[in-house]
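The values are calculated or read from the model by the stated rules, or taken from the named source; none is laboratory data. Here the structure is a predicted model, which means the values were calculated and not measured. Glycine gets a Cβ as well: all are built from the backbone with ideal geometry, and neighbour counts include every protein chain shown.
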Amino acid sequence: MSRPLRVAVIGSGPAGIYASDLLVKADQEVSIDLFEKMPAPFGLIRYGVAPDHPRIKGIVKSLHRVLEQDDIRLLANIEIGRDVTVEELRDFYDAIVFATGATGDRNLNIPGADLPESYGAGQFVGFYDGNPNFTRDWNLTANKIAVIGVGNVGLDISRVLAKTADELHTTEIPDNVYEGLHESAASEVHIFGRRGPAQAKFTPMELKELDHSENIEVIVDPEDIDYDEASEEARRASKSQDLVCQTLEGYAMREPKDAPHKIYIHLFEAPVEILEKDGHVSGLVTERQELDGEGGIRPTGKQTTWDVQAVYRAVGYRSDPVNGVPFDEKKNVIPNDGGHVLDGPEGEQVAGLYATGWIKRGPVGLIGNTKSDAKETIGMLLEDYDAGRLAEPAHPEPEAITKFLEDRKIAVATWEGWHRLDAAERARGEEEGRERKKLVEWEDMIAYSGPQDPSKES
Ligand SMILES: Cc1cc2nc3c(=O)[nH]c(=O)nc-3n(C[C@H](O)[C@H](O)[C@H](O)COP(=O)(O)OP(=O)(O)OC[C@H]3O[C@@H](n4cnc5c(N)ncnc54)[C@H](O)[C@@H]3O)c2cc1C
């Protein structure tokens, strides 16, 4: 083929960016269009990672370098499956890689989960990370709060709830979030996990930094530190799990610290019911569990009622289907064989379509894990290309898709546009001695990242 291989990557989170980078580095001339539905790139790094994790946001710097490359073109503010169909895209590309990630919350099916103060963690994350698709106001009148789920997202929201608004003011949080958190009455956060220390899904560093704030004391009941043979084996098999256990043991054994806000981590407590009074959350009932000696747990029948006025359900994120692409409703992923999209679970390959990142293997793992995902997927794509298994598109020239988008009157946000938006957010932050202050409203973002009115340019 005398022209570059044309690939559309859908989703500019870490998975889509790493996939694009691997394609550019391949022994093959490529030209990539990276589609993104939001007016800004970076997926959950912008709209998931907690604002007080600037260390992680630093990964953006390396992803920035990837997107600076000429062979990658960002086409944002375009939702594939809504603004442009997958069938339409096929006319312009040899291959399409879906890296659409996850934004929704997995359900927790217990009575009371639909009460007004029972929140999906993702909703709260959407609020504090300034995602325009989520609410601008948050009810923070609860003094005692339950967080269900012993993973990193549970830690993030517990930390954000337990820190003071002023501690978070140094970060990139928008004004409405600062003002909301300023009114927060939260003084106790109770995290609940069904299983024990050796099964908790935290990562060691995130668990350790939970009480780095002067205002927070983390408390674990020594009764909750329990291991059976299977748990000991889990510790031996994973250094990271062992570190999690050590940190939890440390929290259980140390002297009390006099901090105004407490985060309790309760293990072996399975949520049973969220209690209601006058239409509002009035408590949480949990049932004590015990290790069964085989790596599992069993209920003991002993129930406890916790006095809380709000419940946050951090039991996992959930991916949404993309119109026109097969979806496995059970696993909430695009069915795939490690890279190729399949026409159903255990089905046949759909030629030219690929999946990577959270939409490929479900919403678990850190940003770094999406790198190995991309390696596997892009490996398969390049193999198909070399073997001549990709169909020739009708309009492979890069201008054809831009003309198509223009005709459809889509206000495309670009990489140059992101630079403008980035500069504007940094300037807003600088006025207050902060690195950045995020813009929240869609129209405010697109005013920078979208098409510019030439008549207004100086
Ligand atoms: C609350 C939270 C906190 C986290 N904190 C950390 C952390 O501190 N450290 C860490 O290493 N990892 C963290 N993670 C995990 C990390 O965010 C994920 O591993 C990573 O973002 C997954 O990458 P992805 O590209 O598959 O998905 P995403 O990051 O979700 O990116 C998908 C992108 O696709 C876009 N998209 C979706 N559908 C369409 C469509 N139809 N058309 C066009 N674009 C579309 C989305 O807008 C998004 O930009 C966190 C995750 C969450 C949920």
Q) What number of residues in region 157-174 are touching a residue at least 24 places away in the same chain (Cβ under 8 Å), under 19 Å from residue 121 (Cα atoms) and part of a helix (DSSP H, G or I)? A) 7
Q) Filter region 98-114 for residues that are more than 16 Å from the ligand (Cβ to nearest atom) and small (Gly, Ala, Ser); which is farthest from the chain's Cα centre (by Cα)? A) 112
Q: Answer yes or no as to whether residue 16 is at positive phi, near the ligand (Cβ under 10 Å from one of its atoms) and in the same structural domain as residue 398 (by the TED database).
A: no
(Q) Which count do you get for residues in region 43-53 that are closer than 26 Å to residue 420 by Cβ and either more than 10 Å from the ligand (Cβ to nearest atom) or among the charged types (D, E, K, R) (or both)? (A) 2
Q | Single match in 177, 189, 218 (criterion: in a strand (DSSP E or B), in contact with a Phe, Trp or Tyr (Cβ under 6 Å, 6 or more places away or on another chain) and of a type in the set (A, V, I, L, M)) | A | 218
(Q) Between a residue in region 89-109 that is over 23 Å from residue 49 (Cβ atoms) and any residue that is of a type in the set (Gly, Ala, Ser), which pairs come within a Cβ distance under 6 Å, given they are 6 or more apart or on different chains? (A) 89/8; 91/394; 92/400; 93/8; 95/352; 96/8
Q: State whether the residues of region 223-234 include one that is assigned by the TED database to the domain that holds residue 291, in contact (Cβ under 8 Å) with a residue 40 or more places away in the chain, within 27 Å of the chain's Cα centre (by Cα) and within 22 Å of residue 190 (Cα to Cα).
A: no
Q. Looking at this structure, is residue 157 in the same structural domain as residue 387 (by the TED database) and within 14 Å of the ligand (Cβ to nearest atom)?
A. no
(Q) Quick test for you: out of 20, 62, pick the one residue that is assigned to a helix (DSSP H, G or I) and at pLDDT 95 or above. (A) 20
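Residue-wise test of (1) more than 10 Å from the ligand (Cβ to nearest atom); (2) at pLDDT 95 or above; (3) farther than 19 Å from residue 437 by Cα.
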{"residue": "67", "(1), (2), (3)": "yes, yes, yes"}
{"residue": "74", "(1), (2), (3)": "yes, yes, yes"}
{"residue": "78", "(1), (2), (3)": "no, yes, yes"}
{"residue": "87", "(1), (2), (3)": "yes, yes, yes"}
{"residue": "126", "(1), (2), (3)": "no, yes, no"}
**Q.** Listing of strands (runs of 3 or more DSSP E) fully contained in region 307-389 that carry 3 or more residues being among the hydrophobic types (A, V, I, L, M, F, W, C)
**A.** 349-355
Q: Test each condition in (1) buried (at least 18 other Cβ atoms within 10 Å of the Cβ); (2) farther than 19 Å from residue 149 by Cα; (3) not assigned by the TED database to the domain that holds residue 86 for residue 361 and report the one that comes out false.
A: (3)
